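One structure is given here, and the rest of the page talks about it.
The values are calculated or read from the model by the stated rules, or taken from the named source; none is laboratory data. Just so it is clear, the structure is predicted and the values come from calculations on it, not from any experiment. Ideal geometry is used to build each Cβ from the backbone, glycine not excepted, and the neighbour counts take in all protein chains shown. With ligands, DNA and RNA removed, areas are computed over all heavy atoms of the protein, side chains included. Shrake-Rupley method; radii C 1.70, N 1.55, O 1.52, S 1.80 Å.
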Amino acid sequence: MYRTLINRLVCSRVYPRVNIHLSTPKLEQASSKHVQQTKSSDTNDEVKFDYVNNTGIIQLNKPKTLNALSLSIIHQIYPKMKEWESDGKTKLVIMKSTTSKAFCAGGDIKALLARTSEGERLRREFFSEEYKLNHLIGNYKLPYIAIINGITMGGGCGISVHGPFRIATETTTIAMPETAIGLFPDVGGSHFLPRLPSNLGVFLGLTGYRLRGIDNVHAGIGTHFVPTNKLEEIERKLLEIPNVNHESVKAFLNQHANVTNAHEKFSLERELSLINELFSINTKDVETIFEKLKLNGSDFALKQLSILEKMSPTSLKLTFEQIKRGKSLNLKDCLIMEYRLVQNVMNGHDFFEGVRAVLVDKDNKPQWKPNSLKNVSDKEIEQYFEKPSSDEDLQLI
């Protein structure tokens, strides 16, 4: 979803090319004749499915688009995960990427831009199917591990953060940059963001701040940390765990991928108390956050203020309100709420204008409507949370 957005707003660091796959010579050598192993045969598949030792392995395989999620990819992953969940033999599922540059940069946004009846249908179907996949992962019966190596944004968070095990590496970069394009942190953002410590979720959701490397574990998005030069070993050993279940996987990762073994502090540690105060979820509204940042006057506060002033005012207010509401909702209800939100946003102006400015014309000068927080009324925000008359609510099992 954010490939160009990332290239223009995010990717300022060079990632080492550590291309590690489960189908490596060492792994194949370790797999004995008693191990069941099937592999995708077409290297051009946009998503590859392998099966090794009762472990289902999903590999996102669109490196040129940073594994941007398409409806086609979602339609392949969802039924395969359902099949593994119910076949009685699969014990573990691993989601990863075939490229070290990105786990998943989000949804394929350009496929959603047509302002036609067909475009409206595609947008409804895409978000409906994407959110159903997010819900499945959040309620999956089998142990689910997401190896979030490289860029992970938007939809990439949706297919990782709701699972019980998220392995970050030193190349992991996570962000929810939606307010920069007139959207809001969806894919369950209203569920996981308010549950991060020190009001980090409000801070991340409004500013689109990028968490790198071990910071993702300190922030509570990643659960474990593995250096890229140890990934192959960890992946191989995961397939060798006896009596696989949630507890045995957790015990293994706690022993071999514990963040405390990395001896690296949170880069935001000094700012945490400031973030906790200035971005408190209990703040009255976004305007008050702006005022608090101005009054604080620190370099950190003024930098965040400068960033926020460039975002869609409507998106900022929607984001803050969805995070407030999501704090007391379960994942299912959060996704239903977000589905209403996204359908209403797609009927508005700022999303298409934000995409135009960042992805199409690339002038980075979006003309937001309304163009200031004071012109976005509480009544207008409330209407975004209402079910569109022409659409059904998201149906989740």
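Using 23 Å as the Cα-Cα cut-off, could you pick out the over-long pairs in K89/K141; K332/K387; K294/K379; K310/K332? Among K89/K141; K332/K387; K294/K379; K310/K332, the Cα-Cα distance tops 23 Å for K294/K379; K310/K332. Is the C-alpha gyration tensor of the stretch 147-220 telling us rounded, prolate or oblate? Criteria: a/c under 1.5 is rounded; beyond that, a/b larger than b/c is prolate, otherwise oblate. Verdict is rounded for the stretch 147-220.
Once the Cα-Cα distance is subtracted from the 0.36 nm per residue extended length, the F300 to S248 segment shows a gain of 14.5 nm. Per-atom-type breakdown for the chain gives carbon and sulfur 46% of the accessible area (1.4 Å probe, protein chains only). If you plug the beta carbon distance of D87 and L329 into 1/(1 + (r/R0)^6) with R0 = 22 Å, you get a FRET efficiency near 0.10.
Shape class of the stretch 338-397 from the Cα gyration tensor (axes a ≥ b ≥ c, square roots of the eigenvalues): oblate, since a/c reaches 1.5 or more and a/b does not exceed b/c. K365 exposes around 130 Å² of accessible area when a 1.4 Å probe is run over every protein chain in place. Candidate cross-link partners of K62 among the aspartates and glutamates, defined by an alpha-carbon separation under 20 Å and a same-chain spacing of 8 or more, comprise D42, D45, E46, D50, D108, E129, E130. Of the GluC sites (Glu not before Pro) in the stretch 309-386, the ones in a loop by DSSP (not H, G, I, E or B) with at most 16 other beta carbons within 10 Å are E309, E386. Before anything else, pin down the relative contact order of the chain: Cα pairs under 8 Å, at least 6 apart, normalised by residue count, whole percent. Relative contact order, the chain: 16 percent. Mind checking the stretch 247-308 for trypsin sites (Lys or Arg not before Pro) that DSSP puts in a loop (not H, G, I, E or B) and that have at most 14 other Cβ atoms within 10 Å? Hits after loop and neighbour filter: K265, K284. Residue order by solvent-accessible surface for D333, D378 is D378, D333, largest first, with ligands and nucleic acids left out and a 1.4 Å probe. Note on the chain: with charges restricted to the Cβ of Lys and Arg (+1) and Asp and Glu (-1), its dipole about the Cα centre is near 680 debye. Per-residue accessible area (protein heavy atoms, 1.4 Å probe) orders S97, S306 as S306, S97, starting from the largest. May I ask for the distance between the Cα centers of the stretch 304-372 and the stretch 246-301, given as a whole number of Å? After rounding, the separation between the Cα centres reads 22 Å. Counting only Cβ charges, +1 for Lys and Arg and -1 for Asp and Glu, the dipole size of the stretch 263-332 around its Cα centre is about 300 debye.
Of the residues S248, I214, G326, the one whose Cα sits farthest towards the positive end of the charge dipole of the stretch 47-385 is S248 (charges of +1 on Lys and Arg Cβ, -1 on Asp and Glu Cβ, taken about the Cα centre). What the chain shows is 43 Å² of accessible area per residue, with the surface traced by a 1.4 Å probe over protein heavy atoms.
List the pairs from K91/K237; K230/K265; K110/K324; K82/K110; K82/K327; K132/K327 whose alpha-carbon separation is above 22 Å, in the order I gave them. In this structure, K110/K324; K82/K110; K82/K327 exceed 22 Å between Cα atoms.
With a/c under 1.5 counting as rounded, go ahead and sort the stretch 47-173 into rounded, prolate or oblate using the C-alpha gyration tensor (a ≥ b ≥ c being the square roots of the eigenvalues; past the cut-off, prolate if a/b is larger than b/c, else oblate). The shape class here is oblate.
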